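Colleague: What follows is a structure written as structure tokens; I'll ask about it next.
The values are calculated or read from the model by the stated rules, or taken from the named source; none is laboratory data. No experiment lies behind these values; they were computed from the predicted model shown. All Cβ positions, glycine included, derive from the backbone under ideal geometry; neighbour counts span all protein chains shown.
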Amino acid sequence: MAFELDHFFIMTDQGASAADRLLSLGFVEGRSRVHPGQGTTNRCFFFHNAMLEFLWIHDPAEAQSAVIQRTHLWERWRDRNAGICPFGICLRPTAESLGSIAFEHWDYHPPYLPENLSIAIGNNSEILAEPMLFQTPFGTRPDQQPIEKRQPFVHPIGLREITRIELVSPMADQPSLELRSVIKTSHLKLRFGEAYWLELGFDGESEGTCIDLRPELPFTIHW
């Protein structure tokens with residue numbers, strides 16, 4: 001497969017207290033990070049192959065600055081409960097696709113990265129009814145990180161790898177070219193629903209178990 005799922009985010013209230021629900025279910029939390037100059041902070045949960053990120057704005061001025069404005073992170077966070085899609089999907093290349101981007105894009109140079117690094121952001125970034133699409137050239141599987149950088153990815157609940165993400169969306173009938181391109185990578189499915197939420201599948205869903213975290217979190221988890 002030419003691309004892999006690196007991580008996905010959901011915009012949350014400051015502090016992401018709703019993420020504590022995952023802790024209560026037997027998930028182990030990894031590091032939290034402030035993104036200097038972008039105005040965002042996160043809480044993260046790592047799995048063998050990818051990461052789940054809870055993201056919020058801690059500095060509105062930074063998030064609305066000229067460098068950041070085109071990402072529309074501010075609007076996506078501010079209006080997350082007002083009909084805007086609160087999700088973002090990040091891919092990473094495999095060895096076979098180094099130098100390739102899965103979708104039409106523009107290059108984003110966030111202040112917290114070295115000048116020689118950029119993130120490819122989908123040209124659909126103006127379409128706030130769709131998830132933000134982006135690709136990082138430097139991502140890797142959490143279970144292949146160097147020991148000194150490795151985050152916890154072994155969870156008492158027993159889940160190992162994210163094997164399905166399905167976006168339920170009220171705007172699923174006319175996906176942009178960029179969103180269709182991500183769907184073609186087989187890392188995202190799309191179907192119509194009256195509200196935004198995600199079905200997250202783990203480990204091939206062989207046990208047939210499901211937990212519905214709504215309305216606290218817009219997820220259902222299947223394994």
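Colleague: Could you list, in sequence order, all residues of region 123-166 that are buried (at least 17 other Cβ atoms within 10 Å of the Cβ), hydrophobic (A, V, I, L, M, F, W, C) and more than 29 Å from E178 (Cα to Cα)?
Modeller: Matches in region 123-166: F153, L159.
Colleague: To continue, here is another question. For region 73-92, which positions are in contact (Cβ under 8 Å) with a residue 24 or more places away in the chain and farther than 17 Å from F8 by Cβ? Full working, then the answer.
Modeller: Step one: of region 73-92, the residues in contact (Cβ under 8 Å) with a residue 24 or more places away in the chain are 73-77, 79-80, 83-92.
Those that are in contact (Cβ under 8 Å) with a residue 24 or more places away in the chain and farther than 17 Å from F8 by Cβ: W74, E75, D79, G83.
Colleague: Next up: Scan region 192-212 for residues that are closer than 17 Å to T12 by Cα and buried (at least 17 other Cβ atoms within 10 Å of the Cβ) and report the count. Even if it seems obvious, please write down each step before you answer.
Modeller: First, pick out the residues of region 192-212 that are closer than 17 Å to T12 by Cα: 195-198.
Filter once more, so that each one left must be buried (at least 17 other Cβ atoms within 10 Å of the Cβ): 196-198.
Number of matching residues: 3.
Colleague: Among the residues of region 114-149 satisfying the criterion of being without any contact (Cβ under 8 Å) to a residue 24 or more places away in the chain and in contact with an Asp or Glu (Cβ under 8 Å, 6 or more places away or on another chain), which is farthest from A195 (Cα to Cα)?
Modeller: The qualifying residue farthest from A195 (Cα to Cα) is S118.
Colleague: Spot the failing condition for L55; the list is (1) touching a Phe, Trp or Tyr at 6+ places or on another chain (Cβ under 6 Å); (2) modelled with pLDDT under 95, and only one is missed.
Modeller: Just one mismatch for L55, condition (2).
Colleague: Of all residues in region 167-191, count the ones that are of a type in the set (V, I, T), surrounded by 15 or more Cβ atoms within 10 Å (Cβ to Cβ) and closer than 21 Å to P93 by Cα.
Modeller: Our first condition is that a residue be of a type in the set (V, I, T); within region 167-191, this holds for 168, 182-183, 185.
Filter once more, so that each one left must be surrounded by 15 or more Cβ atoms within 10 Å (Cβ to Cβ): 168, 182, 185.
Now narrow it down to the ones that are closer than 21 Å to P93 by Cα: 182, 185.
Number of matching residues: 2.
For every residue, the table says whether it meets (1) outside any strand (DSSP E or B); (2) among the polar types (S, T, N, Q).
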site	(1), (2)
L5	no, no
F9	no, no
A19	yes, no
L23	yes, no
V34	no, no
N49	yes, yes
A66	yes, no
R76	yes, no
I84	yes, no
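Colleague: Taking region 123-145, which residues are within 19 Å of T94 (Cβ to Cβ) and in contact with a helix residue (DSSP H, G or I) (Cβ under 9 Å, 6 or more places away or on another chain)? Can you show your working first?
Modeller: Initial filter on region 123-145 (within 19 Å of T94 (Cβ to Cβ)): 133-145.
L133, F134, listed by residue number.
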